[in-house]
Amino acid sequence: MKHAGTNKNFIMLTLAIFTLAMGFNFVQLLGSYYIAFYYVCGGDIVAGSSLSAINGTIWAITGVLAVFPLNWISPNWAKRNTLTISILLMCLAQLSKIVCYNPTYPYLLIIPTILLSIGMLFLFTLGLLW
């Protein structure tokens, strides 16, 4: 514990992952549910709940399935490049919300979910194993 607590790189990585996780969890509740219920579904709680349930299921399924490409990409492209891919996927997911949060096409919400799930799986798996 003493060696890990004095390792500057380990502490910085731990703080970065902790900050990302806490920021994601604090903002996720407001962003996903509020926007899905009141913007995308026009205040219809039943439709928003169904959409959120589908979104959560797709998040979980994508997280499980993304392990397989991670197992191939990481050793073949190096961990550093895989972490870069994960950050780019998460940025693309956030940018795609501008287009995908659309009341006309509510199921477009699935696209940022898939990208973010893959990116976060890659980041947290490799970040913890670095």
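Of the solvent-accessible surface of region 1-94, computed with a 1.4 Å probe over protein heavy atoms with every protein chain present, carbon and sulfur atoms account for 74 percent. Entry for region 71-130 at q = 0.16, 0.20 Å⁻¹: log10 I(q)/I(0) = -0.52, -0.70, Debye formula applied to identical alpha-carbon scatterers, no solvent contribution.
State in Å² the accessible area per residue of region 86-130; use a 1.4 Å probe, count heavy atoms of protein chains only, and round to the nearest integer. Walk me through the numbers before you get to the answer.
Numbers: 2410 Å² over 45 residues.
Heavy-atom accessible area per residue stands at 54 Å².
A simple spin-label model places pseudo-atoms 7 Å from Cα toward Cβ; at LEU108 and THR19 they are separated by 3.2 nm. Evaluated over the Cα positions of the chain, the convex hull gives a direction-averaged projected area, one quarter of its surface, of 8.7 nm². For region 30-77, the percent of C-alpha pairs falling in each 5 Å distance bin, counted from 0 to the bin holding the largest distance, reads 5, 21, 19, 13, 11, 10, 9, 8, 4, 1. When each full DSSP H helix of the chain is screened for a Cα extent of at least 20 Å along its own axis and an average Kyte-Doolittle hydropathy of at least -0.5, the helices passing are 8-28, 45-65, 79-100, 110-129.
The values are calculated or read from the model by the stated rules, or taken from the named source; none is laboratory data. Every value quoted in this text rests on a predicted model; they were computed, and no experiment measured them. Cβ sites come from the backbone with ideal geometry, for glycine too, and all protein chains shown count toward neighbours. To get the accessible areas, we keep the full protein, side chains included, count just its heavy atoms, and leave off ligands, DNA and RNA. Shrake-Rupley method; radii C 1.70, N 1.55, O 1.52, S 1.80 Å.
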